[in-house]
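A.B. asks: After the structure tokens below, expect a handful of questions from me.
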């Protein structure tokens, strides 16, 4: 019995030693959002402000977990997003598959004489895939390229739209813009970061 306990302790110690040597911390910041930039160029002349940062912790050779924060602002819409990511690296280094589940807080300020603010609480989830490249030697600057699709769940408030056909049309259009562009929809990003 004692030998078995000692053997188990040695195995755990050896595994933990090798495991600790593979710990990896990645901090990345978005520098370009492909789909969102194209859509804004087509739909509006107003500046599109987007900020995104992610901290990733390598849990094992092929698995990591990450926390991501995002902020976007366009015309009179603001959205704050937080998400938890799980990543799988089939080649243990470069290519990855990512799944995200998160929360989004949307604020819309209506214009005009009856101006008011409207809020929506949304949930986001979806897959991505991509590649992580070291710039120079591993353990320094890195480039992260990813593509995917995020689904948006929850009610998007459109109480500010008028009644009638055009009001319903605008409500549908606004809902689609939020779900398929502002908070979710196709994802394509180039991020730069640092591994330590």
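The values are calculated or read from the model by the stated rules, or taken from the named source; none is laboratory data. Every value quoted in this text rests on a predicted model; they were computed, and no experiment measured them. Cβ coordinates were reconstructed from backbone atoms using ideal geometry, including for glycine residues, and neighbour counts include every protein chain displayed.
A.B. asks: What's the total number of residues in segment 150-176 that are within 18 Å of the chain's Cα centre (by Cα), surrounded by fewer than 18 Cβ atoms within 10 Å (Cβ to Cβ) and under 18 Å from residue 35 (Cβ atoms)?
C.D. replies: 1
A.B. asks: Here are 96, 48: which of them is surrounded by 15 or more Cβ atoms within 10 Å (Cβ to Cβ) and either under 19 Å from residue 194 (Cβ atoms) or touching a residue at least 60 places away in the same chain (Cβ under 8 Å) (or both)?
C.D. replies: On the way: 48 fails: either under 19 Å from residue 194 (Cβ atoms) or touching a residue at least 60 places away in the same chain (Cβ under 8 Å) (or both).
The conditions single out 96.
A.B. asks: Would you point out the residue of segment 130-149, among those that are over 19 Å from residue 31 (Cβ atoms) and touching a residue at least 12 places away in the same chain (Cβ under 8 Å), that is surrounded by the most Cβ atoms within 10 Å (Cβ to Cβ)?
C.D. replies: Of everything passing the filter in segment 130-149, 149 is surrounded by the most Cβ atoms within 10 Å (Cβ to Cβ).
A.B. asks: What are the residues in segment 67-79 that are surrounded by 14 or more Cβ atoms within 10 Å (Cβ to Cβ), in contact with a strand residue (DSSP E or B) (Cβ under 6 Å, 6 or more places away or on another chain), within 30 Å of residue 116 (Cβ to Cβ) and without any contact (Cβ under 8 Å) to a residue 60 or more places away in the chain, if any?
C.D. replies: Residues satisfying the conditions are 69, 70, 73, 78.
A.B. asks: Here is a follow-up. In segment 177-196, is there at least one residue being farther than 23 Å from residue 38 by Cα and in a loop (DSSP other than H, G, I, E, B)?
C.D. replies: Within segment 177-196 (the criterion being farther than 23 Å from residue 38 by Cα and in a loop (DSSP other than H, G, I, E, B)), the answer is yes, since at least one residue qualifies.
A.B. asks: State which residue is modelled with the highest pLDDT when the search covers only segment 159-176 and only residues that are out of contact with any strand residue (DSSP E or B) (no Cβ under 8 Å at 6 or more places or on another chain) and outside any helix (DSSP H, G or I).
C.D. replies: Selected residue: 164.
A.B. asks: Continuing with the same structure: Within segment 101-116, is even one residue surrounded by 13 or more Cβ atoms within 10 Å (Cβ to Cβ) and closer than 17 Å to residue 186 by Cβ?
C.D. replies: So far as segment 101-116 goes, yes, one or more of its residues are surrounded by 13 or more Cβ atoms within 10 Å (Cβ to Cβ) and closer than 17 Å to residue 186 by Cβ.
A.B. asks: I'm told residue 143 meets every condition in (1) farther than 25 Å from residue 93 by Cβ; (2) touching a strand residue (DSSP E or B) at 6+ places or on another chain (Cβ under 8 Å); (3) not in a loop (DSSP other than H, G, I, E, B) except one. Can you identify the failing condition by its number?
C.D. replies: Only one criterion is unmet by residue 143, namely (1).
A.B. asks: May I pose another question? Which of (1) free of Cβ contacts under 8 Å to residues at least 24 places away in the same chain; (2) within 25 Å of residue 67 (Cβ to Cβ) is the odd one out, the single condition residue 164 does not satisfy?
C.D. replies: Only one criterion is unmet by residue 164, namely (2).
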